[in-house]
Amino acid sequence: MAREPGEGGRLVFDLVDDDAVGSEQSVPAHGDGAPGPGDDDPGAPGRPSGGSVLSDRRMRFLVPVAAVLAVVLGTGLAVEGARDGARVERMRDVRGGVADVSRPLAETWRWDGAVGSPKTEDEWRTIEVAMLGDVLALESEGELVALRPATGEEAWTVALGEDPDCGPLDSDGWGRSVASALVCLEGPAGDRTARVVGPEGQVSASRRLPAGDTERFGEPRPGPDGSVLRARRAGAGPALDLSDARCTDTGECAGTVRDGQGLEVRAEDAVTGEERWRATVPFRPTRADQCNNWLGVTWDGSANMVDLAQMIDPEVFGARIGADLVQLYGCGIESALTRDGVLLGTEFEPGSGGVGSLLSGGYAEYSYDDTLRTVLYTDDGTLVGEIPGSVTDAGVTDGEGPGVLLGMDSGGPHLRAYELDGTPRWDVTARAGGQRFLAHVAGTMLVMTGTGDVRGLDAATGDARWVWDSAEGGTGDGYLEDLFVYQTFTDGESVLLLTESGSGGAALVALDAASGEVVWEQHGDDAVTGGITRGFDRSLIAVDGRLLEVTPDGVRGLG
């Protein structure tokens with residue numbers, strides 16, 4: 001018996017034929033090597049009647065081997081079970097991680113209720129949720145509701161006051177949607193209060209927001225980590241210099257707004273009111289088409305409604321407030337602030353770039369003006385370096401090994417992999433432009449090309465491991481031709497793709513990350529019991545290792 005080298009530590013047994021055992025070889029019955037009772041007498045006590053020396057040898061050999069096998073196999077199963085348990089546990093903490101996607105999905109539970117709060121008089125609602133600890137939190141009918149992802153039970157509810165505004169919530173499927181606590185602002189204009197809600201449903205005492213603070217610092221909004229954010233236009237110099245900026249009656253704008261006021265942003269503790277940090281975002285010359293009143297209202301929290309019918313208004317601004325990044329947009333101030341108030345996004349002109357959070361940690365600042373480039377930052381906002389071309393991180397990872405970024409030239413023939421600090425890892429020739437980094441699982445990078453196929457690349461070398469052609473993916477009728485992948489999830493072994501074809505048909509496809517083989521697929525109305533369609537009003541989210549579907553009328557568990 002020998003141990004096979006390599007991961008897993010398998011034991012190899014050499015099985016010997018009975019004939020190879022010589023009859024002259026003694027198999028002692030006692031540990032001292034002396035013959036035992038009845039060794040020369042088949043019928044003697046201690047030997048089964050009709051036995052033989054050879055059969056006794058086999059019996060004596062098989063008993064310890066069976067014991068060893070039981071231990072070895074039991075240990076192997078235990079080790080395998082421990083590894084599987086560790087993988088499942090890891091998936092609970094990975095964004096997009098699901099305990100098991102090895103089989104087609106079916107509805108496991110359903111919670112019926114309005115998701116989101118009304119934003120207009122006609123009851124249009126934003127479908128915004130948050131992963132708060134191990135529960136899914138959402139606003140519904142004047143309450144903040146927390147659902148257990150395994151059963152759909154309401155873990156707790158918090159009654160909300162007049163005109164509630166809780167956050168940071170995010171449009172499900174479009175952001176990180178992860179929060180350590182939620183802040184709820186309530187009450188009529190001019191008399192707002194703030195409360196903090198924790199993962200277990202614990203609620204702080206209400207704090208009244210002084211009207212004087214609103215005059216000095218601006219309107220309040222729920223912020224990350226139990227904070228209240230305020231912002232207002234401020235700064236020395238002329239309030240406005242339209243220069244050659246002009247807009248037509250149809251909202252088409254040209255020219256540049258040369259000067260205006262910057263933006264002062266203040267974060268205060270929601271419970272105590274103590275200032276945590278303050279940042280000034282300077283005004284920068286901006287194209288006129290970035291200065292029309294497309295935000296609708298000042299400090300607007302919704303990024304889903306756009307009003308293009310307004311004329312130029314350089315005072316308006318808005319923000320998308322996430323758990324780790326506050327993205328600011330408006331005339332002359334397009335940039336971002338980390339949760340600690342570090343200013344990012346000043347490396348590009350307003351309207352020609354943006355800042356996003358990286359799944360593996362840190363931030364990326366994209367510029368697509370004259371030269372396509374990406375600037376990388378750490379979690380604390382420290383500048384790491386600059387990379388030519390655009391860079392993106394994986395839509396989902398298995399949570400193991402160092403992170404990797406995928407870079408590409410604009411329409412160029414190359415794909416490049418980088419460490420999180422910008423160090424080049426490899427450079428390979430790309431098959432087609434328009435690459436998307438879908439997943440980084442089991443040492444494989446899943447990349448979707450502009451032609452609709454998905455390729456598995458070795459994360460260490462960039463070598464091609466496999467190709468899955470969506471046009472040939474299982475149905476044989478071109479159902480997934482012109483495929484687009486909206487979302488990705490993983491259990492650490494397989495990657496689940498939520499896709500849509502050029503004809504608008506939805507599908508779920510699970511691929512083995514190591515081999516690219518189709519584990520299973522569901523199409524159209526069979527994708528999930530009751531059908532599944534993808535859009536602004538419907539999306540999937542992984543919470544505590546469970547896959548959920550969120551719609552305007554409720555939430556259901558899938559498994």
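With r as the distance between the Cβ atoms of ASP379 and SER515 and R0 = 30 Å, compute the FRET efficiency 1/(1 + (r/R0)^6) and round to 0.05.
Working: r = 35 Å, r/R0 = 1.15.
For R0 = 30 Å, the calculated efficiency reads 0.30.
So if we plug the beta-carbon distance of ARG278 and ARG110 into 1/(1 + (r/R0)^6) with R0 = 45 Å, what FRET efficiency do we get, rounded to 0.05? Please report the intermediate quantities before stating the final value.
Values: r = 46 Å, r/R0 = 1.02.
Calculated value: 0.50.
Largest first, how would ARG425, ARG92 line up by accessible area (1.4 Å probe)? Don't skip to the answer; put the middle values down first.
Values: ARG425 65, ARG92 90 Å².
From most exposed to least exposed: ARG92, ARG425.
If packing is taken as the average number of other Cβ atoms within 10 Å across a peptide's residues, how do 516-523, 93-100 rank, most packed first? Provide the component values of the computation, followed by the final result.
Working: 516-523: 16.9, 93-100: 20.4.
With the highest mean Cβ count within 10 Å placed first, the list reads 93-100, 516-523.
For GLU143 paired with SER180, estimate the spin-label separation in nm (one decimal), with each label point 7 Å from Cα along the Cα-to-Cβ line.
Here the answer is 2.9 nm between the modelled labels.
So what is the relative contact order of region 318-457, in percent, for Cα pairs below 8 Å that sit 6 or more residues apart? Don't skip to the end; give the middle numbers.
Details: 315 pairs, mean separation 17.1, N = 140.
The value is 12 percent.
Report the Cα-based extents of region 327-457 along its three principal axes, largest first, to the nearest Å.
40, 32, 23
Order ARG230, ARG284, most accessible first, counting only protein heavy atoms with a 1.4 angstrom probe.
Working: ARG230 0, ARG284 45 Å².
Accessible-area ranking of ARG230, ARG284, largest first: ARG284, ARG230.
So if I take the centroid of the Cα atoms in region 538-559 and the same for region 332-399, what is the distance between those two points in Å?
Comparing the Cα centres of region 538-559 and region 332-399, I get a distance of 29 Å.
By per-residue mean of other Cβ atoms within 10 Å, what is the highest-first order of 195-204, 447-456?
Working: 195-204: 17.1, 447-456: 20.8.
Result, highest mean Cβ count within 10 Å first: 447-456, 195-204.
Provide the net charge surrounding GLU107, with neighbours chosen by a C-beta distance below 10 Å and charges set as Lys +1, Arg +1, Asp -1, Glu -1. Intermediate results must be reported in sequence, preceding the final value.
On the way: positive: ARG110, ARG556; negative: GLU549.
Once positives and negatives cancel, what remains is +1.
To the nearest 0.05, how large is the calculated FRET efficiency for ASP84 and ASP191 if R₀ is 60 Å and r is the Cβ-Cβ distance?
Numbers: r = 55 Å, r/R0 = 0.91.
That pair, ASP84 with ASP191, gives E of 0.65.
Extending each Cα 7 Å along its Cβ direction at ASP553 and GLU252, get the distance between those two points in nm, one decimal.
Going by the 7 Å Cα→Cβ label model, 4.2 nm.
What is the Cα radius of gyration of region 143-212 over 2.2 N^0.38 Å, N being its residue count? Spell out each step's value before the answer.
Numbers: Rg = 13.3 Å, N = 70, 2.2 N^0.38 = 11.1 Å.
Cα-based Rg divided by the globular estimate yields 1.21.
The values are calculated or read from the model by the stated rules, or taken from the named source; none is laboratory data. Owing to the predicted nature of the structure, the values given are computational and were not obtained by experimental measurement. FYI the Cβ positions are ideal-geometry reconstructions off the backbone, even for glycines, and counts take in every protein chain you see. Only protein heavy atoms, including side chains, enter the accessible area calculation; ligands, DNA and RNA are left aside. Shrake-Rupley method; radii C 1.70, N 1.55, O 1.52, S 1.80 Å.
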